[in-house]
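*Asks:* Supplied in structure tokens, the structure appears directly below.
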Amino acid sequence: MADKILKKLNIKVWRQNNAQDKGRFETYTIENISTGSSFLEMLDILNNNLIEEGKDPIAFDHDCREGICGTCSLFINGRAHGPDTEVTTCQLHMRKFKDGETITIEPWRAAAFPVIKDLVVDRTAFEKILQAGGYISVNTGGVPDANAIPISHEDAEESMDAASCIGCGACVAACKNSSAMLFVSAKVAHLAKLPQGKVEAKSRARKMVAKMDELGFGGCTNTGACEVECPKSISITNIARLNREYLTARFSE
Amino acid sequence: MSKFLTASIGRKFIMSISGLFLVMFLAVHLSVNLLLIFDDSGELFNIAAHFMVTNPLIRIVEPLLGLGFLVHIIWSFFLEYQNWKARPVKYNQKNPAVASTWTSRNMLVLGALVLVFLIIHIINFYWVIRFTGGVQEITINGEHMEDTYSLVAGLFKTSVIYDIIYVLGGILLGFHLSHGFWSAFHTLGLSNKQWMSRLQIIGKIYAVIIAVGFSIIPLYFLIKF
Ligand code: HEM
Ligand code: SF4
Ligand code: FES
């Protein structure tokens, strides 16, 4: 079956020349978009049109275009990564939209993610949180025998689930408090579940949370929006674990 | 320590401990209040109320309760202000209902309305009993005590407005707790894959008991008398 064609769409998009610029919305129309194309392909076509008209193309982040790098940070029609669940923007298809619709595209909004240009935000803050403790510094030696360190199936699964976080920032974008708790909790849970990571589990939680606060992310009020909008369905039970690690670390100091 | 109190999880810790303390208080408060509708002579309620004001343990807990409220309220504004600051430029278009409940996003609104109710409630009863002395004396089984029953029953029998205010107060508390209850446990880290949904269910049940339990009292007086 051939894909349907969306005859006309209005694209209302945030334009901002640089970090200092105040920014504004611009609305463009675009015609004959196949429902089979991806959201980013639609933006590519729009940018081609803009270039042909001698205008500045819309800057947006993207790299892998297959849901693994986490750069395609767009807030579409009021939702992080748009109107589909468990996908990144690059995995979103135009079949999710209706002919004649106005699509609103905004950058992630958070004090810790300042806009660099148009829809591109600076997500170095996540890098800084990782540098604060999202690693293992104990010497783990060479490659061990496969079964030398037994890890229960359940622990391995939970750790792998948490490790699937791609650092896209949708959790921050979707949260009413711009909280990075889901991201931080995924990193903390991923490492705390494994014997090599357990050693530093408590100080890791303390350092990463302190960094998160310092960078201006908000606090968690357990609304659960992050879990729903996370493309990898990271569970908020990780946040309970992070709270537990953090509180025991503070009280055992 | 001061660092802990201002850290994001520290702030939440204060909210959840004070919140759970208020949750326990509400359970006791409701149990005593339900005596209002189980004995129309008012004796049971008066005896219980008298016991509560004279009991040395309650005398100690009362200032603690005031403190619990103050801490919960002050921290709630502090915490929401910090969270509000974390997004200086707001979204033009938001569609949050697909990902979270209205209640969970509006705990401050619900809390502030509960606070308004709380002030009215204190002026209605606590203030009159403790300070203005506008409550009658009564003797039950040879013991002198305040006739708290008549004060409460009198208000509910004569004023439909106050009946409505008290019903609304109960419902608002119910909504606040339908999110607050399980959230408090989650904040303390006392939750995991199995327990999260269990706590959510227990919280909903508790919230319904609080909402129905408190609203039934003014309705009882309104309908029966
Ligand atoms: C009897 C009255 C009250 C009870 C039983 C109660 C209980 C709770 C509980 C259990 C929580 C959850 C804490 C957590 O998520 O860790 C909570 C949160 C909250 N309360 Fe109350 N509360 C009461 C009154 C108030 C008042 C008067 C206000 C403020 C004006 C208020 C504002 C808040 C706010 C803003 C939160 C949200 C914090 C969050 O979601 O993280 N509450 N409350
Ligand atoms: S937790 Fe989910 S939403 Fe948040 S950064 Fe990781 S993958 Fe993205
Ligand atoms: S471009 Fe890599 S996840 Fe979307």
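The values are calculated or read from the model by the stated rules, or taken from the named source; none is laboratory data. Because the structure is predicted, anything quoted here is derived from the model rather than measured. Cβ placement follows ideal geometry from the backbone for every residue including glycine, while neighbour counts extend to all protein chains displayed.
*Asks:* List, please: which pairs have Cβ atoms under 9 Å, are six or more places apart or on different chains, and start with a residue in the stretch B:99-110 that is farther than 16 Å from residue B:19 by Cα and at pLDDT 95 or above and end with one that is of a type in the set (Asp, Glu) and not in a helix (DSSP H, G or I)?
*Replies:* Taking only residues 6 or more apart or on different chains, not a single pair turns up.
*Asks:* Out of the stretch A:137-176, which residues are of a type in the set (S, T, N, Q) and farther than 28 Å from residue A:63 by Cβ?
*Replies:* Passing the criteria: A:137, A:139, A:140, A:147, A:152.
*Asks:* Ok, one more. For residue A:188, indicate whether it is assigned to a helix (DSSP H, G or I), more than 11 Å from chain B (Cβ to nearest Cβ) and crowded, with 24+ Cβ neighbours inside 10 Å.
*Replies:* Yes; evaluated as a whole, the condition is true for this residue.
*Asks:* Answer with yes or no whether residue A:164 is modelled with pLDDT of 95 or more, surrounded by fewer than 16 Cβ atoms within 10 Å (Cβ to Cβ) and assigned by TED's automatic domain parsing to the domain that holds residue A:207.
*Replies:* When the stated conditions are applied, residue A:164 passes them.
*Asks:* Further question on the same structure: Any residue in the stretch A:58-70 that is of a type in the set (Asp, Glu) sitting within a Cβ distance under 7 Å of a residue that is more than 16 Å from ligand 1 (Cβ to nearest atom)? List the pairs, counting only those 6 or more apart or interchain.
*Replies:* A:61/A:71; A:61/A:72; A:61/A:73; A:61/A:120; A:63/A:69; A:63/A:71; A:66/A:90
*Asks:* Oh, and also: Just wondering, is there one or more residues in the stretch A:200-211 that are within 16 Å of ligand 1 (Cβ to nearest atom) and in contact (Cβ under 8 Å) with a residue 12 or more places away in the chain?
*Replies:* Scanning the stretch A:200-211, I find at least one residue that is within 16 Å of ligand 1 (Cβ to nearest atom) and in contact (Cβ under 8 Å) with a residue 12 or more places away in the chain, so the answer is yes.
*Asks:* Collect the residues in the stretch A:213-238 that are assigned to a helix (DSSP H, G or I) and facing chain B (nearest Cβ under 7 Å), keeping them in residue-number order.
*Replies:* A:213, A:225, A:228, A:229, A:237
*Asks:* Quick one: in the stretch A:50-106, which of the residues that are among the aromatic types (Phe, Trp, Tyr) and within 16 Å of ligand 3 (Cβ to nearest atom) is nearest to the other protein chains (Cβ to nearest Cβ)?
*Replies:* The selected residue is A:75.
Here is a yes/no grid of residues against (1) assigned to a strand (DSSP E or B); (2) among the β-branched types (Val, Ile, Thr); (3) modelled with pLDDT of 95 or more:
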{"position": "A:87", "(1), (2), (3)": "no, yes, yes"}
{"position": "A:90", "(1), (2), (3)": "no, no, yes"}
{"position": "A:98", "(1), (2), (3)": "no, no, yes"}
{"position": "A:135", "(1), (2), (3)": "no, no, no"}
{"position": "A:145", "(1), (2), (3)": "no, no, no"}
{"position": "A:168", "(1), (2), (3)": "no, no, yes"}
{"position": "A:172", "(1), (2), (3)": "no, yes, yes"}
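*Asks:* If we keep just the residues of the stretch A:152-174 that are of a type in the set (S, T, N, Q) and in contact with a helix residue (DSSP H, G or I) (Cβ under 9 Å, 6 or more places away or on another chain), which is farthest from ligand 2 (Cβ to nearest atom)?
*Replies:* So, considering only residues that are of a type in the set (S, T, N, Q) and in contact with a helix residue (DSSP H, G or I) (Cβ under 9 Å, 6 or more places away or on another chain), the one farthest from ligand 2 (Cβ to nearest atom) is A:159.
*Asks:* Helices (runs of 4 or more DSSP H) wholly in the stretch B:1-113 with at least 1 residues that are within 10 Å of another protein chain (Cβ to nearest Cβ) - which ones?
*Replies:* Of the helices (runs of 4 or more DSSP H) lying wholly inside the stretch B:1-113, those with at least 1 residues that are within 10 Å of another protein chain (Cβ to nearest Cβ) span B:2-6, B:8-33, B:56-85, B:102-105.
*Asks:* If you go through the stretch A:221-230 one residue at a time, how many are away from ligand 3 (no atom under 16 Å from the Cβ) and touching a residue at least 24 places away in the same chain (Cβ under 8 Å)?
*Replies:* 6
*Asks:* If we scan the stretch B:92-111, do we find a residue that is among the charged types (D, E, K, R) and under 30 Å from residue A:11 (Cβ atoms)?
*Replies:* Within the stretch B:92-111, one or more residues are among the charged types (D, E, K, R) and under 30 Å from residue A:11 (Cβ atoms).
*Asks:* Name the residue, out of A:233, A:203, that is assigned by TED's automatic domain parsing to the domain that holds residue A:178, surrounded by fewer than 24 Cβ atoms within 10 Å (Cβ to Cβ) and within 16 Å of ligand 3 (Cβ to nearest atom).
*Replies:* When all the criteria are applied, what remains is A:233.
*Asks:* Does residue A:54 count as small (Gly, Ala, Ser), under 25 Å from residue A:5 (Cα atoms), at pLDDT 95 or above and more than 16 Å from ligand 1 (Cβ to nearest atom)?
*Replies:* It is false that residue A:54 is small (Gly, Ala, Ser), under 25 Å from residue A:5 (Cα atoms), at pLDDT 95 or above and more than 16 Å from ligand 1 (Cβ to nearest atom).
*Asks:* Out of curiosity, is residue A:161 in a helix (DSSP H, G or I), within 14 Å of chain B (Cβ to nearest Cβ) and within 16 Å of ligand 1 (Cβ to nearest atom)?
*Replies:* So residue A:161 does not fit the description; no.
*Asks:* While we're on this one: Collect the residues in the stretch A:122-158 that are within 23 Å of residue A:207 (Cβ to Cβ), away from chain B (no Cβ under 14 Å), away from ligand 3 (no atom under 16 Å from the Cβ) and not acidic (Asp, Glu), keeping them in residue-number order.
*Replies:* Answer for the stretch A:122-158, where residues must be within 23 Å of residue A:207 (Cβ to Cβ), away from chain B (no Cβ under 14 Å), away from ligand 3 (no atom under 16 Å from the Cβ) and not acidic (Asp, Glu): A:124, A:128, A:130, A:131, A:133, A:134, A:135, A:136, A:137, A:138, A:139, A:140.
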